[in-house]
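Only one structure is covered here, and it is reproduced in the block below.
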Amino acid sequence: MRLIREEKAFIREAVLLMLPMILQNFVTFSMSMADTFMVGVLGETALAAVTMANSPFYVMQLMIFGVQSGMSVLVAQYHGRGDQEAINRVMGIALFVSTTITGLLAITAFCIPEQIMRVLTNNADLVAPGAAYTRYVGFSYFFSAISGVYIAAQRSTENPRLGAVLLTVSGALNIFLNWVLIYGKLGAPMLGCAGAAIATLISRAFEVAVRVCPVQPPAAAHAARAAAPRPRDRKGLCQVRPARRVQ
């Protein structure tokens, strides 16, 4: 207790860093639950097909999580040293590995979704709806891998709020698009399981678009260009918030 009283400032800063991370995990879990619930309204067959179709992607997610976790440790270390160039190199490697794994699986799932479903299940009723879902959902993991690397890097450089806000907006967009595309609302066609996959794909692409191509007001954009270093002074392609040197 004495240590807690003496370290109030540190504890307050640690809590402020942890809260956005907790929110990120909560939003991610909520998105998965919302997809399951909204697809489940279509019936047991649709729910079972989507659950079965997601099986190989769960394994891939574990691999990507390992890549991002290792990257986060290194980024935090280099951030403490103020080594921006090393941070960019680590992010580049993580992006390459993540996008290679997810890209190959996404292309495979798009080209042969029926064959993948037949490997996963011998129930013929699950093949068609599962294949419709698998064909599109693979690309959502490709975009998720890209945004995940950027969010993890920001988290390791004392900026966890970005991921919390971005994933919250993306989750809300995903739920709305699920309602529109799964059930055929607002004049959209009723796509069922495929609609759930397309909604997830759009929301994940939105995350990447916001992170990689931020929109700035004209005045702010002009000021940013004026303050930016010359091309010969730039190091790396994957930039994060400038590191603060440890005193």
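The values are calculated or read from the model by the stated rules, or taken from the named source; none is laboratory data. Note that this is a predicted model, so its numbers are computed, not measured. Here Cβ is always computed from backbone atoms with ideal geometry, including for glycine, and neighbour counts include all displayed protein chains.
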Only one of A94, A106 is touching a helix residue (DSSP H, G or I) at 6+ places or on another chain (Cβ under 6 Å) and either farther than 15 Å from Y150 by Cβ or among the basic types (K, R) (or both), namely A106
message: Residue under question is G195, and the condition is that it be of a type in the set (G, A, S), touching a helix residue (DSSP H, G or I) at 6+ places or on another chain (Cβ under 8 Å), modelled with pLDDT of 85 or more and not in a loop (DSSP other than H, G, I, E, B); does it hold?
response: yes
Filtering region 80-96 for residues that are among the hydrophobic types (A, V, I, L, M, F, W, C), surrounded by fewer than 16 Cβ atoms within 10 Å (Cβ to Cβ) and touching a Cys at 6+ places or on another chain (Cβ under 8 Å) leaves a count of 0
When region 45-103 is checked residue by residue, the ones that are aromatic (F, W, Y) and farther than 21 Å from L201 by Cβ are Y78, F96
Kindly indicate whether any position in region 145-167 is closer than 28 Å to T45 by Cα and of a type outside the set (A, V, I, L, M). no
- Query: If we scan region 184-204, do we find a residue that is in contact (Cβ under 8 Å) with a residue 24 or more places away in the chain, surrounded by fewer than 22 Cβ atoms within 10 Å (Cβ to Cβ), more than 19 Å from T51 (Cα to Cα) and out of contact with any Lys or Arg (no Cβ under 8 Å at 6 or more places or on another chain)?
  - Reply: yes
Those residues of region 49-101 that are touching a residue at least 24 places away in the same chain (Cβ under 8 Å), farther than 15 Å from S140 by Cα and aromatic (F, W, Y) come to a total of 1
Checked region 133-165 for anything outside any helix (DSSP H, G or I) and touching an Asp or Glu at 6+ places or on another chain (Cβ under 7 Å); matches are none
Of the candidates V59, V97, the one satisfying the condition of being modelled with pLDDT of 85 or more and at negative phi is V97
Residue hits (region 16-47; in contact (Cβ under 8 Å) with a residue 24 or more places away in the chain, closer than 21 Å to L177 by Cα and assigned to a helix (DSSP H, G or I)) are Q24, V27, T28, S30, M31, A34, D35, M38, V39, A46
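Does F110 fit the bill of being over 22 Å from S32 (Cα atoms), of a type in the set (F, W, Y) and surrounded by fewer than 17 Cβ atoms within 10 Å (Cβ to Cβ)? Talk me through it step by step, then tell me what you get.
Values: over 22 Å from S32 (Cα atoms): no; of a type in the set (F, W, Y): yes; surrounded by fewer than 17 Cβ atoms within 10 Å (Cβ to Cβ): yes.
In short, no.
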